[in-house]
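Everything on this sheet refers to the single structure shown next.
The values are calculated or read from the model by the stated rules, or taken from the named source; none is laboratory data. These numbers were taken from a predicted model, which means no experiment stands behind them. Here the Cβ positions follow ideal geometry from the backbone for every residue, glycine too, while neighbour counts run over all protein chains shown. Note: areas computed on protein heavy atoms with side chains; ligands, DNA, RNA excluded. Shrake-Rupley method; radii C 1.70, N 1.55, O 1.52, S 1.80 Å.
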Amino acid sequence: MQETMVKRVAIVGAGVSGLTSIKSCLEEGLEPTCFERSDDIGGLWKFTETIGHGMTKVYKSVVTNITKEMSCYSDFPFPENFPNYMKHTMVMEYLRSYAEHFDLLRCIHFKTTVKSITKHQDFAVTGQWDVVTETEGKQDTATFDAVMICTGHYLNPRLPLESFPGINKFQGQILHSQEYRSPESFQGKRIIVIGLGNTGGDIAVELSRVAEKVFLSTRSGAWVDSRLSDDGYPTHMIQTTRFLHLVARSLPSTIVNWMGKKRMSRWFNHKTYGLSNPKGRLQKRIANDELPTYILCGSVTMKINVKEFTETSAIFEDGTVEENIDVVFFATGYTYSLPFFEEPMEKFCKNKIFIYKFIFPSNLEKATLALIGHVGLQGSVIAGTELQARWATRVFKGLCKIPPSSKMMAEATKKEQLIKRGVIKDTTQEKQDYITYLDELARCTGVKPNILLLFLKDPRLAKEVFFGPCTSYQYRLMGPGKWDGARKAIMTQWDRTLKPLQTRVIPDYSEPTSISYWLKVWGPPVLFVAVLLTYKSSLQLQLMRITEMGERISTYIASTMRK
(Lines give C-alpha, C1' and ligand atoms only; values in the text may rest on other atoms or scores of the structure.)
Protein backbone atom coordinates (compact mmCIF):
# COMPACT_ATOMS: atom_id res chain seq x y z
CA MET A 1 0.00 0.00 0.00
CA GLN A 2 1.41 3.34 -1.06
CA GLU A 3 2.50 5.57 1.80
CA THR A 4 0.64 8.80 2.51
CA MET A 5 1.82 11.66 4.68
CA VAL A 6 -0.65 11.84 7.57
CA LYS A 7 -0.68 14.77 9.97
CA ARG A 8 -4.20 15.95 10.86
CA VAL A 9 -6.46 13.27 12.31
CA ALA A 10 -10.19 13.58 13.02
CA ILE A 11 -11.46 11.53 15.96
CA VAL A 12 -15.20 10.93 16.39
CA GLY A 13 -16.19 10.47 20.03
CA ALA A 14 -14.49 11.19 23.36
CA GLY A 15 -15.27 7.99 25.23
CA VAL A 16 -12.70 5.40 26.28
CA SER A 17 -11.75 4.76 22.63
CA GLY A 18 -11.57 8.42 21.68
CA LEU A 19 -9.38 9.41 24.62
CA THR A 20 -6.76 6.76 23.93
CA SER A 21 -6.88 7.62 20.22
CA ILE A 22 -6.06 11.26 21.03
CA LYS A 23 -3.18 10.15 23.22
CA SER A 24 -1.84 7.74 20.58
CA CYS A 25 -1.90 10.49 17.98
CA LEU A 26 0.01 12.84 20.25
CA GLU A 27 2.59 10.13 20.99
CA GLU A 28 3.21 9.73 17.25
CA GLY A 29 3.47 13.45 16.60
CA LEU A 30 0.10 13.69 14.84
CA GLU A 31 -2.44 16.50 15.29
CA PRO A 32 -5.72 15.08 16.61
CA THR A 33 -9.04 16.93 16.61
CA CYS A 34 -11.75 15.11 18.54
CA PHE A 35 -15.45 15.84 17.99
CA GLU A 36 -17.78 14.96 20.89
CA ARG A 37 -21.52 15.61 20.54
CA SER A 38 -22.15 15.82 24.30
CA ASP A 39 -20.68 18.32 26.75
CA ASP A 40 -18.30 15.90 28.49
CA ILE A 41 -15.90 13.01 28.01
CA GLY A 42 -16.62 9.41 28.99
CA GLY A 43 -19.15 8.28 26.38
CA LEU A 44 -21.59 5.78 27.86
CA TRP A 45 -19.80 5.94 31.26
CA LYS A 46 -21.10 9.45 31.81
CA PHE A 47 -24.28 8.92 33.85
CA THR A 48 -27.20 11.28 33.27
CA GLU A 49 -30.73 11.14 34.64
CA THR A 50 -32.13 11.53 31.12
CA ILE A 51 -31.04 10.01 27.81
CA GLY A 52 -30.99 13.03 25.52
CA HIS A 53 -30.35 12.80 21.76
CA GLY A 54 -30.61 9.01 21.84
CA MET A 55 -27.22 8.64 23.51
CA THR A 56 -26.68 5.47 25.50
CA LYS A 57 -25.55 5.97 29.10
CA VAL A 58 -24.94 3.66 32.02
CA TYR A 59 -27.73 3.15 34.53
CA LYS A 60 -27.28 4.47 38.03
CA SER A 61 -26.22 1.27 39.83
CA VAL A 62 -23.95 -0.19 37.16
CA VAL A 63 -20.72 -1.85 38.34
CA THR A 64 -17.87 -2.95 36.08
CA ASN A 65 -17.70 -6.62 35.12
CA ILE A 66 -13.91 -6.66 34.81
CA THR A 67 -11.52 -5.84 37.62
CA LYS A 68 -9.61 -2.56 37.59
CA GLU A 69 -6.19 -4.13 36.99
CA MET A 70 -7.48 -5.87 33.87
CA SER A 71 -9.27 -2.83 32.49
CA CYS A 72 -6.92 0.13 32.80
CA TYR A 73 -4.86 1.93 30.17
CA SER A 74 -1.43 0.34 29.93
CA ASP A 75 0.56 3.27 31.32
CA PHE A 76 -2.00 4.64 33.78
CA PRO A 77 -3.06 2.24 36.59
CA PHE A 78 -6.19 2.84 38.62
CA PRO A 79 -5.55 4.28 42.10
CA GLU A 80 -4.74 1.54 44.60
CA ASN A 81 -7.60 2.55 46.90
CA PHE A 82 -10.23 2.07 44.17
CA PRO A 83 -12.29 -1.12 44.59
CA ASN A 84 -11.62 -3.93 42.14
CA TYR A 85 -15.08 -3.64 40.58
CA MET A 86 -16.14 -0.03 40.32
CA LYS A 87 -19.25 2.09 40.03
CA HIS A 88 -19.51 4.38 37.02
CA THR A 89 -18.54 7.41 39.12
CA MET A 90 -15.10 5.95 39.75
CA VAL A 91 -14.62 5.02 36.10
CA MET A 92 -15.44 8.62 35.19
CA GLU A 93 -13.01 9.90 37.82
CA TYR A 94 -10.33 7.68 36.30
CA LEU A 95 -11.08 8.87 32.74
CA ARG A 96 -10.89 12.52 33.86
CA SER A 97 -7.55 11.89 35.55
CA TYR A 98 -6.28 10.18 32.40
CA ALA A 99 -7.40 13.05 30.16
CA GLU A 100 -5.90 15.68 32.45
CA HIS A 101 -2.64 13.81 33.05
CA PHE A 102 -1.94 13.50 29.32
CA ASP A 103 -3.44 16.90 28.43
CA LEU A 104 -6.08 15.50 26.10
CA LEU A 105 -8.93 17.93 26.73
CA ARG A 106 -7.35 20.65 24.59
CA CYS A 107 -7.93 18.46 21.53
CA ILE A 108 -11.69 17.96 22.09
CA HIS A 109 -14.49 20.04 20.56
CA PHE A 110 -17.55 19.47 22.76
CA LYS A 111 -21.20 19.82 21.68
CA THR A 112 -20.07 19.12 18.13
CA THR A 113 -21.83 16.50 16.02
CA VAL A 114 -20.20 14.89 13.01
CA LYS A 115 -22.76 15.07 10.21
CA SER A 116 -20.83 13.41 7.37
CA ILE A 117 -17.47 11.88 6.51
CA THR A 118 -16.71 11.53 2.80
CA LYS A 119 -13.65 10.87 0.69
CA HIS A 120 -11.82 13.95 -0.49
CA GLN A 121 -11.91 14.46 -4.25
CA ASP A 122 -8.32 13.21 -4.63
CA PHE A 123 -8.60 10.45 -2.01
CA ALA A 124 -6.87 7.89 -4.22
CA VAL A 125 -3.74 10.03 -4.07
CA THR A 126 -3.92 11.75 -0.68
CA GLY A 127 -6.15 9.44 1.39
CA GLN A 128 -7.83 12.54 2.83
CA TRP A 129 -11.37 12.88 4.19
CA ASP A 130 -13.87 15.75 4.26
CA VAL A 131 -15.56 16.00 7.65
CA VAL A 132 -18.71 18.08 8.13
CA THR A 133 -19.52 19.01 11.73
CA GLU A 134 -22.27 21.01 13.42
CA THR A 135 -21.90 23.11 16.57
CA GLU A 136 -24.91 24.99 17.93
CA GLY A 137 -26.62 24.94 14.55
CA LYS A 138 -23.57 26.11 12.61
CA GLN A 139 -21.94 23.72 10.17
CA ASP A 140 -18.27 23.57 9.30
CA THR A 141 -16.25 21.51 6.82
CA ALA A 142 -12.61 20.55 7.24
CA THR A 143 -10.23 18.19 5.48
CA PHE A 144 -8.25 15.63 7.48
CA ASP A 145 -5.47 13.27 6.54
CA ALA A 146 -6.99 10.40 8.53
CA VAL A 147 -10.09 9.57 10.58
CA MET A 148 -10.59 7.41 13.69
CA ILE A 149 -14.19 6.35 14.41
CA CYS A 150 -14.57 5.88 18.18
CA THR A 151 -18.36 5.76 18.54
CA GLY A 152 -18.60 2.12 19.64
CA HIS A 153 -21.52 -0.30 19.34
CA TYR A 154 -24.11 1.39 21.52
CA LEU A 155 -25.83 3.91 19.26
CA ASN A 156 -29.19 2.58 18.09
CA PRO A 157 -31.30 0.41 20.43
CA ARG A 158 -32.46 -2.83 18.86
CA LEU A 159 -36.20 -3.32 19.42
CA PRO A 160 -37.26 -6.51 17.60
CA LEU A 161 -40.97 -5.82 17.98
CA GLU A 162 -41.75 -7.66 14.75
CA SER A 163 -40.70 -10.91 16.45
CA PHE A 164 -43.42 -10.58 19.10
CA PRO A 165 -46.97 -10.85 17.71
CA GLY A 166 -49.50 -8.75 19.58
CA ILE A 167 -46.95 -6.33 20.99
CA ASN A 168 -48.79 -3.46 19.28
CA LYS A 169 -51.90 -4.32 21.31
CA PHE A 170 -50.02 -4.39 24.60
CA GLN A 171 -51.27 -1.57 26.84
CA GLY A 172 -48.37 -1.40 29.27
CA GLN A 173 -45.00 0.31 28.94
CA ILE A 174 -42.55 -0.89 26.29
CA LEU A 175 -38.98 0.20 27.05
CA HIS A 176 -35.48 -0.57 25.87
CA SER A 177 -32.76 -1.14 28.47
CA GLN A 178 -31.13 2.05 27.13
CA GLU A 179 -33.92 3.98 28.86
CA TYR A 180 -33.37 2.39 32.26
CA ARG A 181 -31.86 4.59 34.95
CA SER A 182 -33.06 3.43 38.39
CA PRO A 183 -35.79 1.14 39.81
CA GLU A 184 -37.81 3.60 41.91
CA SER A 185 -40.51 4.31 39.30
CA PHE A 186 -41.28 0.61 38.91
CA GLN A 187 -42.47 0.04 42.46
CA GLY A 188 -45.11 -2.71 42.64
CA LYS A 189 -45.07 -3.43 38.90
CA ARG A 190 -45.21 -6.79 37.13
CA ILE A 191 -42.33 -6.72 34.67
CA ILE A 192 -40.94 -8.87 31.88
CA VAL A 193 -37.29 -8.42 30.92
CA ILE A 194 -36.54 -9.88 27.48
CA GLY A 195 -32.91 -10.77 26.85
CA LEU A 196 -30.31 -12.37 29.09
CA GLY A 197 -27.07 -10.49 28.66
CA ASN A 198 -25.12 -8.59 31.30
CA THR A 199 -27.62 -5.73 31.17
CA GLY A 200 -30.72 -7.93 31.18
CA GLY A 201 -29.49 -9.88 34.20
CA ASP A 202 -28.54 -6.74 36.11
CA ILE A 203 -31.84 -4.98 35.41
CA ALA A 204 -33.91 -8.02 36.34
CA VAL A 205 -32.15 -8.36 39.69
CA GLU A 206 -32.42 -4.66 40.53
CA LEU A 207 -36.07 -4.33 39.48
CA SER A 208 -37.01 -7.38 41.56
CA ARG A 209 -36.14 -5.44 44.74
CA VAL A 210 -39.06 -3.07 44.20
CA ALA A 211 -41.36 -4.77 41.68
CA GLU A 212 -44.19 -7.11 42.54
CA LYS A 213 -42.82 -9.70 40.11
CA VAL A 214 -40.02 -9.91 37.55
CA PHE A 215 -39.91 -12.46 34.74
CA LEU A 216 -36.63 -12.87 32.84
CA SER A 217 -37.30 -14.25 29.36
CA THR A 218 -34.49 -15.76 27.30
CA ARG A 219 -34.35 -17.71 24.07
CA SER A 220 -30.80 -19.03 24.36
CA GLY A 221 -29.85 -18.93 28.06
CA ALA A 222 -26.40 -18.01 29.37
CA TRP A 223 -23.55 -19.20 31.55
CA VAL A 224 -23.66 -17.06 34.67
CA ASP A 225 -20.23 -16.47 36.14
CA SER A 226 -19.18 -14.86 39.40
CA ARG A 227 -16.80 -11.93 39.77
CA LEU A 228 -15.04 -14.01 42.43
CA SER A 229 -12.82 -17.01 41.81
CA ASP A 230 -12.81 -20.01 44.15
CA ASP A 231 -10.32 -18.37 46.50
CA GLY A 232 -11.97 -14.95 46.44
CA TYR A 233 -9.61 -13.29 43.95
CA PRO A 234 -11.13 -11.49 40.94
CA THR A 235 -12.12 -14.12 38.38
CA HIS A 236 -10.57 -12.44 35.34
CA MET A 237 -7.21 -12.11 37.06
CA ILE A 238 -7.12 -15.82 37.84
CA GLN A 239 -8.44 -17.07 34.49
CA THR A 240 -6.81 -14.64 32.04
CA THR A 241 -3.20 -15.79 32.16
CA ARG A 242 -0.77 -16.69 29.40
CA PHE A 243 -0.18 -20.06 31.03
CA LEU A 244 -3.85 -21.10 30.94
CA HIS A 245 -4.19 -19.55 27.48
CA LEU A 246 -1.35 -21.71 26.20
CA VAL A 247 -2.90 -24.81 27.75
CA ALA A 248 -6.27 -24.03 26.13
CA ARG A 249 -4.68 -23.45 22.71
CA SER A 250 -2.89 -26.79 22.97
CA LEU A 251 -6.20 -28.66 23.18
CA PRO A 252 -9.06 -29.16 20.69
CA SER A 253 -11.83 -26.56 21.03
CA THR A 254 -14.41 -29.23 21.86
CA ILE A 255 -12.39 -30.33 24.89
CA VAL A 256 -11.77 -26.72 25.95
CA ASN A 257 -15.52 -25.97 25.74
CA TRP A 258 -16.31 -29.16 27.64
CA MET A 259 -13.90 -28.23 30.41
CA GLY A 260 -15.33 -24.71 30.52
CA LYS A 261 -18.83 -26.08 30.97
CA LYS A 262 -17.61 -28.34 33.77
CA ARG A 263 -16.07 -25.37 35.55
CA MET A 264 -19.17 -23.18 35.14
CA SER A 265 -21.42 -25.96 36.39
CA ARG A 266 -19.51 -26.29 39.67
CA TRP A 267 -21.11 -23.12 41.03
CA PHE A 268 -24.70 -24.24 40.41
CA ASN A 269 -26.72 -26.35 37.97
CA HIS A 270 -27.72 -23.99 35.16
CA LYS A 271 -30.37 -26.37 33.83
CA THR A 272 -32.09 -26.55 37.20
CA TYR A 273 -32.20 -22.75 37.34
CA GLY A 274 -33.64 -22.43 33.81
CA LEU A 275 -30.50 -20.78 32.45
CA SER A 276 -29.06 -23.42 30.11
CA ASN A 277 -29.63 -23.55 26.37
CA PRO A 278 -32.27 -26.16 25.45
CA LYS A 279 -30.66 -26.63 22.03
CA GLY A 280 -27.32 -27.55 23.53
CA ARG A 281 -25.39 -24.88 21.65
CA LEU A 282 -22.49 -22.97 23.14
CA GLN A 283 -23.93 -20.23 25.33
CA LYS A 284 -22.75 -16.72 25.97
CA ARG A 285 -21.27 -15.88 29.32
CA ILE A 286 -22.39 -13.10 31.66
CA ALA A 287 -21.13 -11.87 35.02
CA ASN A 288 -23.75 -11.70 37.73
CA ASP A 289 -23.16 -12.69 41.35
CA GLU A 290 -26.77 -12.11 42.43
CA LEU A 291 -28.95 -13.63 39.70
CA PRO A 292 -28.75 -17.28 40.90
CA THR A 293 -29.63 -16.22 44.45
CA TYR A 294 -32.57 -14.11 43.27
CA ILE A 295 -33.86 -17.02 41.20
CA LEU A 296 -33.43 -19.28 44.23
CA CYS A 297 -35.43 -16.85 46.36
CA GLY A 298 -38.17 -16.48 43.73
CA SER A 299 -37.52 -12.78 43.22
CA VAL A 300 -36.70 -13.43 39.55
CA THR A 301 -38.56 -16.09 37.58
CA MET A 302 -36.91 -17.52 34.48
CA LYS A 303 -39.14 -17.92 31.43
CA ILE A 304 -38.75 -19.21 27.89
CA ASN A 305 -39.19 -16.87 24.90
CA VAL A 306 -42.45 -14.91 24.61
CA LYS A 307 -44.67 -16.30 21.85
CA GLU A 308 -47.33 -13.60 21.86
CA PHE A 309 -48.61 -10.56 23.75
CA THR A 310 -52.19 -9.56 24.50
CA GLU A 311 -53.40 -6.25 25.90
CA THR A 312 -52.30 -7.12 29.43
CA SER A 313 -50.56 -10.50 29.35
CA ALA A 314 -47.75 -12.51 27.79
CA ILE A 315 -48.05 -16.01 26.36
CA PHE A 316 -44.80 -17.97 26.38
CA GLU A 317 -43.64 -20.68 23.97
CA ASP A 318 -44.20 -23.38 26.58
CA GLY A 319 -47.88 -22.42 26.79
CA THR A 320 -47.73 -20.65 30.14
CA VAL A 321 -49.42 -17.27 30.53
CA GLU A 322 -48.54 -14.39 32.84
CA GLU A 323 -51.33 -11.90 33.43
CA ASN A 324 -51.42 -8.23 34.38
CA ILE A 325 -48.03 -7.30 32.95
CA ASP A 326 -47.27 -3.60 33.42
CA VAL A 327 -43.85 -3.21 31.77
CA VAL A 328 -41.80 -4.97 29.10
CA PHE A 329 -38.08 -4.22 29.02
CA PHE A 330 -36.19 -5.17 25.89
CA ALA A 331 -32.56 -5.86 26.83
CA THR A 332 -31.93 -6.88 23.24
CA GLY A 333 -28.79 -4.94 22.45
CA TYR A 334 -28.07 -2.44 19.73
CA THR A 335 -27.84 -2.24 15.97
CA TYR A 336 -24.51 -1.21 14.52
CA SER A 337 -24.68 2.25 12.98
CA LEU A 338 -22.26 4.66 11.31
CA PRO A 339 -24.71 7.42 10.29
CA PHE A 340 -22.07 9.89 9.11
CA PHE A 341 -21.00 7.65 6.21
CA GLU A 342 -22.77 7.48 2.87
CA GLU A 343 -24.76 4.27 2.33
CA PRO A 344 -22.19 2.22 0.37
CA MET A 345 -19.44 2.98 2.89
CA GLU A 346 -21.63 2.45 5.95
CA LYS A 347 -22.88 -0.90 4.66
CA PHE A 348 -19.34 -2.02 3.89
CA CYS A 349 -18.03 -1.08 7.36
CA LYS A 350 -20.86 -3.03 9.00
CA ASN A 351 -19.58 -6.24 7.39
CA LYS A 352 -16.81 -7.14 9.82
CA ILE A 353 -15.47 -9.82 7.52
CA PHE A 354 -14.14 -7.00 5.35
CA ILE A 355 -12.63 -5.03 8.25
CA TYR A 356 -8.98 -5.99 8.57
CA LYS A 357 -8.38 -7.04 12.17
CA PHE A 358 -11.63 -5.20 13.03
CA ILE A 359 -9.92 -1.85 12.37
CA PHE A 360 -9.19 -1.07 8.70
CA PRO A 361 -11.83 -1.30 5.93
CA SER A 362 -10.22 -3.45 3.27
CA ASN A 363 -11.73 -1.63 0.27
CA LEU A 364 -9.80 1.63 0.73
CA GLU A 365 -6.82 2.48 -1.46
CA LYS A 366 -5.28 4.33 1.47
CA ALA A 367 -5.26 3.07 5.07
CA THR A 368 -6.41 6.37 6.55
CA LEU A 369 -9.66 5.23 8.22
CA ALA A 370 -9.65 3.25 11.46
CA LEU A 371 -12.57 1.86 13.47
CA ILE A 372 -11.51 1.92 17.13
CA GLY A 373 -13.53 -0.01 19.71
CA HIS A 374 -15.78 -1.72 17.16
CA VAL A 375 -14.87 -5.24 18.24
CA GLY A 376 -16.36 -7.50 20.87
CA LEU A 377 -13.75 -8.79 23.32
CA GLN A 378 -13.81 -11.42 26.06
CA GLY A 379 -12.11 -8.90 28.28
CA SER A 380 -11.36 -5.23 28.77
CA VAL A 381 -12.58 -2.82 26.11
CA ILE A 382 -10.10 -0.18 27.33
CA ALA A 383 -7.08 -2.43 26.88
CA GLY A 384 -8.28 -3.54 23.46
CA THR A 385 -9.06 -0.10 22.09
CA GLU A 386 -5.75 1.29 23.33
CA LEU A 387 -3.76 -1.29 21.36
CA GLN A 388 -5.96 -0.67 18.32
CA ALA A 389 -5.24 3.05 18.50
CA ARG A 390 -1.51 2.56 19.03
CA TRP A 391 -1.30 0.35 15.96
CA ALA A 392 -3.59 2.50 13.78
CA THR A 393 -1.62 5.69 14.38
CA ARG A 394 1.62 3.95 13.45
CA VAL A 395 -0.03 2.66 10.28
CA PHE A 396 -1.11 6.23 9.52
CA LYS A 397 2.51 7.34 9.80
CA GLY A 398 3.77 4.51 7.61
CA LEU A 399 5.76 2.96 10.47
CA CYS A 400 3.66 -0.20 10.36
CA LYS A 401 2.37 -1.83 7.20
CA ILE A 402 -0.87 -3.59 6.32
CA PRO A 403 -1.49 -5.64 3.16
CA PRO A 404 -2.59 -3.91 -0.08
CA SER A 405 -6.32 -3.35 -0.48
CA SER A 406 -6.54 -5.89 -3.32
CA LYS A 407 -5.06 -8.64 -1.17
CA MET A 408 -7.26 -7.86 1.84
CA MET A 409 -10.39 -7.78 -0.35
CA ALA A 410 -9.49 -11.10 -2.00
CA GLU A 411 -8.94 -12.82 1.35
CA ALA A 412 -12.15 -11.37 2.84
CA THR A 413 -14.20 -12.34 -0.23
CA LYS A 414 -12.87 -15.90 -0.09
CA LYS A 415 -13.68 -16.12 3.61
CA GLU A 416 -17.20 -14.79 3.02
CA GLN A 417 -17.82 -17.44 0.35
CA LEU A 418 -16.58 -20.23 2.62
CA ILE A 419 -18.90 -19.00 5.38
CA LYS A 420 -21.89 -18.96 3.01
CA ARG A 421 -21.09 -22.52 1.94
CA GLY A 422 -20.87 -23.60 5.57
CA VAL A 423 -17.23 -24.66 5.28
CA ILE A 424 -16.10 -22.36 8.09
CA LYS A 425 -17.87 -20.50 10.86
CA ASP A 426 -18.30 -16.73 10.90
CA THR A 427 -16.43 -15.79 14.08
CA THR A 428 -16.52 -12.04 13.41
CA GLN A 429 -19.90 -11.80 15.15
CA GLU A 430 -18.56 -13.44 18.31
CA LYS A 431 -16.46 -11.97 21.06
CA GLN A 432 -12.79 -12.38 20.27
CA ASP A 433 -10.41 -14.17 22.60
CA TYR A 434 -8.75 -11.50 24.71
CA ILE A 435 -5.09 -12.59 24.76
CA THR A 436 -5.12 -13.87 21.18
CA TYR A 437 -6.46 -10.62 19.76
CA LEU A 438 -4.30 -8.30 21.87
CA ASP A 439 -1.17 -10.30 21.11
CA GLU A 440 -2.01 -10.12 17.41
CA LEU A 441 -2.23 -6.33 17.54
CA ALA A 442 0.85 -6.13 19.75
CA ARG A 443 2.81 -8.22 17.26
CA CYS A 444 1.79 -5.85 14.45
CA THR A 445 2.79 -2.84 16.55
CA GLY A 446 6.04 -4.36 17.80
CA VAL A 447 5.12 -4.36 21.49
CA LYS A 448 4.37 -8.03 22.20
CA PRO A 449 6.46 -9.17 25.19
CA ASN A 450 9.11 -11.80 24.49
CA ILE A 451 8.44 -14.32 27.25
CA LEU A 452 11.51 -16.49 26.65
CA LEU A 453 13.79 -13.46 26.67
CA LEU A 454 12.17 -12.26 29.86
CA PHE A 455 12.82 -15.59 31.58
CA LEU A 456 16.51 -15.21 30.71
CA LYS A 457 16.84 -11.54 31.65
CA ASP A 458 14.28 -11.06 34.42
CA PRO A 459 12.86 -14.35 35.80
CA ARG A 460 10.73 -12.69 38.49
CA LEU A 461 9.03 -10.47 35.95
CA ALA A 462 8.68 -13.35 33.47
CA LYS A 463 6.97 -15.51 36.09
CA GLU A 464 4.42 -12.77 36.74
CA VAL A 465 3.90 -12.13 33.03
CA PHE A 466 3.42 -15.81 32.14
CA PHE A 467 1.64 -17.23 35.19
CA GLY A 468 0.01 -14.03 36.43
CA PRO A 469 -2.89 -12.05 34.93
CA CYS A 470 -2.34 -10.74 31.40
CA THR A 471 -2.73 -7.08 32.24
CA SER A 472 -2.25 -4.28 29.70
CA TYR A 473 1.04 -3.21 31.31
CA GLN A 474 2.68 -6.14 29.51
CA TYR A 475 2.34 -4.23 26.24
CA ARG A 476 4.48 -1.39 27.57
CA LEU A 477 7.53 -3.50 28.48
CA MET A 478 9.23 -3.19 25.09
CA GLY A 479 8.95 -1.66 21.65
CA PRO A 480 7.36 1.65 20.57
CA GLY A 481 5.71 3.44 23.47
CA LYS A 482 7.74 1.55 26.09
CA TRP A 483 6.91 2.80 29.59
CA ASP A 484 9.55 2.75 32.31
CA GLY A 485 6.90 2.08 34.95
CA ALA A 486 5.54 -1.06 33.27
CA ARG A 487 7.67 -3.51 35.26
CA LYS A 488 6.75 -1.94 38.57
CA ALA A 489 3.07 -1.86 37.60
CA ILE A 490 3.14 -5.59 36.86
CA MET A 491 5.06 -6.52 40.01
CA THR A 492 2.66 -4.50 42.20
CA GLN A 493 -0.63 -5.31 40.46
CA TRP A 494 -1.69 -7.72 43.21
CA ASP A 495 -0.86 -5.09 45.84
CA ARG A 496 -3.35 -2.72 44.20
CA THR A 497 -5.84 -5.59 43.99
CA LEU A 498 -5.64 -6.42 47.70
CA LYS A 499 -5.26 -2.85 49.01
CA PRO A 500 -8.99 -1.89 48.99
CA LEU A 501 -9.84 -5.18 50.74
CA GLN A 502 -7.48 -4.60 53.64
CA THR A 503 -9.68 -2.28 55.65
CA ARG A 504 -9.68 -4.77 58.54
CA VAL A 505 -6.30 -6.43 58.65
CA ILE A 506 -6.17 -9.76 60.45
CA PRO A 507 -2.72 -10.95 61.63
CA ASP A 508 -1.41 -13.98 59.75
CA TYR A 509 0.28 -16.45 62.08
CA SER A 510 0.84 -19.16 59.49
CA GLU A 511 4.36 -20.07 58.44
CA PRO A 512 5.33 -21.04 54.89
CA THR A 513 6.12 -24.74 54.57
CA SER A 514 8.62 -26.47 52.37
CA ILE A 515 5.80 -28.29 50.56
CA SER A 516 4.10 -25.03 49.57
CA TYR A 517 7.42 -23.63 48.43
CA TRP A 518 8.17 -26.53 46.12
CA LEU A 519 4.59 -26.63 44.84
CA LYS A 520 4.89 -22.96 44.01
CA VAL A 521 8.18 -23.46 42.17
CA TRP A 522 7.55 -26.73 40.34
CA GLY A 523 3.76 -26.99 40.20
CA PRO A 524 3.11 -24.96 37.03
CA PRO A 525 5.86 -26.57 34.86
CA VAL A 526 4.91 -30.08 35.95
CA LEU A 527 1.24 -29.34 35.34
CA PHE A 528 1.94 -28.00 31.85
CA VAL A 529 3.92 -31.10 30.87
CA ALA A 530 1.15 -33.29 32.27
CA VAL A 531 -1.48 -31.48 30.18
CA LEU A 532 0.51 -31.98 26.96
CA LEU A 533 1.07 -35.67 27.69
CA THR A 534 -2.59 -36.13 28.52
CA TYR A 535 -3.61 -34.39 25.30
CA LYS A 536 -1.58 -36.88 23.30
CA SER A 537 -3.32 -39.81 25.00
CA SER A 538 -6.78 -38.16 24.55
CA LEU A 539 -8.06 -39.22 27.96
CA GLN A 540 -10.92 -36.85 28.83
CA LEU A 541 -11.22 -37.99 32.42
CA GLN A 542 -7.61 -37.05 33.10
CA LEU A 543 -8.11 -33.74 31.29
CA MET A 544 -10.96 -32.85 33.60
CA ARG A 545 -8.84 -33.65 36.65
CA ILE A 546 -5.87 -31.74 35.26
CA THR A 547 -8.02 -28.71 34.46
CA GLU A 548 -9.43 -28.65 37.95
CA MET A 549 -5.93 -29.03 39.34
CA GLY A 550 -4.73 -26.23 37.03
CA GLU A 551 -7.35 -23.82 38.30
CA ARG A 552 -6.55 -24.69 41.90
CA ILE A 553 -2.82 -24.28 41.31
CA SER A 554 -3.42 -20.97 39.49
CA THR A 555 -5.40 -19.77 42.48
CA TYR A 556 -2.69 -21.08 44.79
CA ILE A 557 0.02 -19.34 42.74
CA ALA A 558 -1.97 -16.10 42.97
CA SER A 559 -2.19 -16.39 46.75
CA THR A 560 1.44 -17.41 47.28
CA MET A 561 2.70 -14.63 45.02
CA ARG A 562 0.98 -12.18 47.32
CA LYS A 563 2.74 -13.46 50.45
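Side notes on the structure shown:
One line per residue, one yes/no per condition, for (1) at pLDDT 95 or above; (2) outside the structural domain of Tyr98 (by the TED database); (3) open to solvent by 20 Å² or more (accessible area, probe 1.4 Å):
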residue: Gln2; (1), (2), (3): no, yes, yes
residue: Leu26; (1), (2), (3): yes, no, yes
residue: Pro32; (1), (2), (3): yes, no, no
residue: Arg37; (1), (2), (3): no, no, yes
residue: Leu44; (1), (2), (3): no, no, yes
residue: Ile51; (1), (2), (3): no, no, yes
residue: Asn65; (1), (2), (3): no, no, yes
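- Residues being modelled with pLDDT under 95 and within 30 Å of Gly333 (Cβ to Cβ) - total across the stretch 135-149: 0
- Inter-residue pairs, beta-carbon under 9 Å, first over 30 Å from Met237 (Cβ atoms) and in the stretch 422-440, second polar (S, T, N, Q) and open to solvent by 30 Å² or more (accessible area, probe 1.4 Å), 6+ apart: Val423/Gln417
- Residue in the stretch 329-344 that is outside any loop (DSSP other than H, G, I, E, B), farther than 30 Å from Ile191 by Cβ and not β-branched (Val, Ile, Thr) present: yes
- Restricting attention to the stretch 218-233, the residues that are within 30 Å of Lys307 (Cα to Cα) and either touching a helix residue (DSSP H, G or I) at 6+ places or on another chain (Cβ under 9 Å) or not assigned by the TED database to the domain that holds Ser313 (or both) total 5.
- Residues satisfying the stated conditions in the stretch 201-231, i.e. charged (D, E, K, R), surrounded by fewer than 16 Cβ atoms within 10 Å (Cβ to Cβ) and touching a strand residue (DSSP E or B) at 6+ places or on another chain (Cβ under 8 Å): Glu212
- Only one entry in Ile451, Ile382, Ile435 is in the same structural domain as His120 (by the TED database) and either open to solvent by less than 50 Å² (accessible area, probe 1.4 Å) or in contact with a Cys (Cβ under 9 Å, 6 or more places away or on another chain) (or both), namely Ile382.
- Residue in the stretch 98-107 that is among the aliphatic types (A, V, I, L, M), in contact with a strand residue (DSSP E or B) (Cβ under 7 Å, 6 or more places away or on another chain) and touching a residue at least 60 places away in the same chain (Cβ under 8 Å) present: no
- Subset tally (residues that are part of a helix (DSSP H, G or I) and among the small types (Gly, Ala, Ser)) for the stretch 66-84: 0
- Set Lys357, Lys352, Lys366, Lys420: member being farther than 25 Å from Gly15 by Cβ and open to solvent by 20 Å² or more (accessible area, probe 1.4 Å): Lys420
- Listed conditions (1) exposed (fewer than 14 other Cβ atoms within 10 Å of the Cβ); (2) in contact (Cβ under 8 Å) with a residue 24 or more places away in the chain are all met by Gly137, apart from (2).
- Restricting the stretch 316-352 to residues that are in contact with a Leu (Cβ under 7 Å, 6 or more places away or on another chain) and of a type in the set (Phe, Trp, Tyr), the residue that is modelled with the lowest pLDDT: Tyr334
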